[in-house]
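**Student:** After the C-alpha cells below, expect a handful of questions from me.
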Ligand SMILES: [Zn+2]
C-alpha cells in the first residue's frame, strides 16, 4: 500500500468517524434533555435510571469514536513520516487486509495477538 492509498483510506475512515461522532453528540444532547425533564419530575423516577444506562452507553461510544479519531490522526502522521504500515513492535510490514480493517493499526497481526 502506498502513501496516497493510505491517506485516502485514513481520510475515508475519519469522515466515517466524524459522522458517527455527530450522531452520538445529537443522541447525548437529546438524552440530556430527557434526563433534565425526568429529574424535574421526580428524582426517583425509574425512568431516570433507564436514561442513565442509555447515557453511559452513548457516552462510551462517543469516547470510543473520539479515541479512534485520535488514532487516525496519529496514523496520518505516520504516513507523513514514512512509518505507516510498519509494525511498531517487530518492524515488519502490517498486512494490507489488516490495514483495510484497521487503518490505524500500530502492530502486525502476529504482534497484536
Ligand atoms: Zn509485528
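The values are calculated or read from the model by the stated rules, or taken from the named source; none is laboratory data. Note that the coordinates shown come from a computational prediction; the quantities given were computed from them, not determined experimentally. In this analysis, Cβ positions are derived from the backbone assuming ideal geometry, glycine residues included, and neighbour counts consider all displayed protein chains.
**Student:** Given the structure, is residue 13 more than 16 Å from the ligand (Cβ to nearest atom) and modelled with pLDDT of 95 or more? Even if it seems obvious, please write down each step before you answer.
**Tutor:** Details: more than 16 Å from the ligand (Cβ to nearest atom): yes; modelled with pLDDT of 95 or more: yes.
Answer is yes for this residue.
**Student:** Please identify the pairs in which a residue from the range 78-91 that is within 17 Å of residue 109 (Cα to Cα) and modelled with pLDDT of 95 or more has its Cβ atom under 6 Å from the Cβ atom of a residue that is within 8 Å of the ligand (Cβ to nearest atom) and not in a loop (DSSP other than H, G, I, E, B), counting only partners at least 6 apart or on another chain.
**Tutor:** Here the result reads 87/111; 89/111; 90/111, each pair linking the range 78-91 to a residue that is within 8 Å of the ligand (Cβ to nearest atom) and not in a loop (DSSP other than H, G, I, E, B).
**Student:** Hey, can you tell me all the residues within the range 46-85 that are surrounded by 16 or more Cβ atoms within 10 Å (Cβ to Cβ) and out of contact with any helix residue (DSSP H, G or I) (no Cβ under 7 Å at 6 or more places or on another chain)?
**Tutor:** Hits for the range 46-85 are 71, 78.
**Student:** Here's another thing I want to ask about it. Return the residues of the range 64-84 that are within 16 Å of the ligand (Cβ to nearest atom) and more than 17 Å from residue 14 (Cα to Cα); say none if nothing qualifies.
**Tutor:** 83
**Student:** Failed condition for residue 110, given (1) over 17 Å from residue 15 (Cβ atoms); (2) within 16 Å of the ligand (Cβ to nearest atom); (3) modelled with pLDDT under 95, with all others met?
**Tutor:** (3)
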